[in-house]
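In what follows, a single structure is set out as structure tokens and then discussed.
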Amino acid sequence: MVPQAIADILTEVVRFLYVRGCSFVAMTPSPTVAIAAGGVLLLATGIDLKSRTIPDALPLLLTGLALVATWRGWHAVTWAQLGIGLGVSFAIGAALFYAGAMGGGDAKLCAGLGAVCGWPHILEVLFATALAGGVLALWARRRGQESLPFAPAFASGYLATLGIAWSMPPTTGLWHLITGRPV
């Protein structure tokens, strides 16, 4: 569990965002959108593991999926959530690319994933992705590798968050699982 002081601070941040109109209900995309996004992430994983690159078409495919799903009402992500999720995840990915922590394809994949998940759900996914990336980094270090493909971490983080969201009541999610507190 998270130490009490950190949980208190995070709870206040979440309440601030919630008051500003953000909903922290668990990420619950439709099965069609979830399977399509998961498929794109698994494809990106396979390509990244083989060639250490992610084709530009895959992040564009995720973004296109998000646009169509929002337009057609296939998931509960609004236009504002899509835009903010895309922008925030692009900024995070660009900052990590600039810092040399990930490649350009990874940064673009992060942005596409932000569009699919929307704001604030992308934060849960990126948290799970960071955990998965840490485990993969430890595994890579044990094997003597200097770097690792990061698409597997994105796929693992997304699928883990999705599994948690689908297996828990609708008013819970990764945030509630970590802190044990409602918003």
Completion exercise
Log entry, pairs with first residue in region 70-93 being without any contact (Cβ under 8 Å) to a residue 12 or more places away in the chain, second being polar (S, T, N, Q) and part of a helix (DSSP H, G or I), beta carbons closer than 8 Å, six or more apart or on different chains, reads W79/T70
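Could you count how many residues in region 146-162 are surrounded by 12 or more Cβ atoms within 10 Å (Cβ to Cβ) and either out of contact with any helix residue (DSSP H, G or I) (no Cβ under 6 Å at 6 or more places or on another chain) or of a type outside the set (G, A, S) (or both)?
Within region 146-162, the first condition is being surrounded by 12 or more Cβ atoms within 10 Å (Cβ to Cβ), and the residues that meet it are 147-162.
Those still in the list that are either out of contact with any helix residue (DSSP H, G or I) (no Cβ under 6 Å at 6 or more places or on another chain) or of a type outside the set (G, A, S) (or both) too: 147-150, 152, 154, 158-159, 161-162.
Of the residues in region 146-162, 10 are surrounded by 12 or more Cβ atoms within 10 Å (Cβ to Cβ) and either out of contact with any helix residue (DSSP H, G or I) (no Cβ under 6 Å at 6 or more places or on another chain) or of a type outside the set (G, A, S) (or both).
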Exercise for the section: Name, by its number, the condition in (1) at pLDDT 90 or above; (2) over 27 Å from F90 (Cβ atoms) that does not hold for G157. Expected result: (2)
Practice task
Starting from region 155-168, take each residue that is touching a residue at least 24 places away in the same chain (Cβ under 8 Å) and list its partners that are charged (D, E, K, R), counting only C-beta distances under 7 angstrom and pairs at least six apart or across chains.
Solution key: T161/E124
Completion exercise
Residue hits (region 23-59; farther than 21 Å from W74 by Cβ and modelled with pLDDT under 90) are F24
Exercise for the section: Go through region 38-154 and tell me which helices (runs of 4 or more DSSP H), entirely inside it, have 1 or more residues that are out of contact with any Pro (no Cβ under 7 Å at 6 or more places or on another chain), among the β-branched types (V, I, T) and closer than 22 Å to I164 by Cβ. Expected result: 79-98, 104-117, 121-142
Completion exercise
Residues in region 34-50 that are surrounded by 14 or more Cβ atoms within 10 Å (Cβ to Cβ), β-branched (V, I, T) and closer than 21 Å to G118 by Cα total 1
Problem - Failed condition for V88, given (1) surrounded by 18 or more Cβ atoms within 10 Å (Cβ to Cβ); (2) within 19 Å of A34 (Cα to Cα) - result: (2)
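The values are calculated or read from the model by the stated rules, or taken from the named source; none is laboratory data. Since the structure is predicted, the reported quantities are computational estimates derived from the model, not experimental observations. Cβ coordinates were reconstructed from backbone atoms using ideal geometry, including for glycine residues, and neighbour counts include every protein chain displayed.
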